[in-house]
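Heads up, the thing below is written out as structure tokens.
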Amino acid sequence: MTETGMSSAAVVRAADAMLQALGGDQVSMLVPLVTMPNDPSAQLGLADPGVEEVIFSPVVVRSLATATTGPRRRLEFLFSGTAVAEELTSRNVASAEVLFDGALGLLYDNDLFHIENVTTEYFAGTAYLYRVLAVE
């Protein structure tokens, strides 16, 4: 509990409920596969190891203004802290920053978006929301 009387677990649950109530969309993150076939051509880089699609939900997606000379579309994705933490545990990844840095992009509405920036929102030392800016 903090001096406000709220626990970090309560804030995480509240953020998840907010994301669900505001749309609860689903976004796929494309990550490269780390296992390579034992074929010599794969070891030379001649074979594509492929990608894996990781689905996150609930996610809220907001359109942001773009400059006329900039990218076509710019979106803000609000990821649930719970969903990201579960993915970190299942993949044995050290941090959310490592997960997002290793991603090839976000797949939303059949369009691939490049991740520009990731900001983590904390309460009492616990990450409850990830704000991801991405461009098409």
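The ratio of the alpha-carbon radius of gyration of the range 8-135 to the globular-protein estimate 2.2 N^0.38 Å is 1.17. Rounded to the nearest 500, the helix-only mean residue ellipticity at 222 nm of the chain stands at -7000 deg cm²/dmol, with each DSSP H run of n ≥ 4 adding -39,500 (n - 2.57). Using Cβ point charges alone (K and R +1, D and E -1), the dipole size of the chain about the Cα centre works out to roughly 320 debye.
Throughout, read-outs are computed from the coordinates displayed, never taken from laboratory work. Quick caveat, the model's predicted, so the values are computed rather than measured. Note that we place each Cβ from the backbone using ideal geometry, even for glycine, and neighbour counts take in every protein chain shown.
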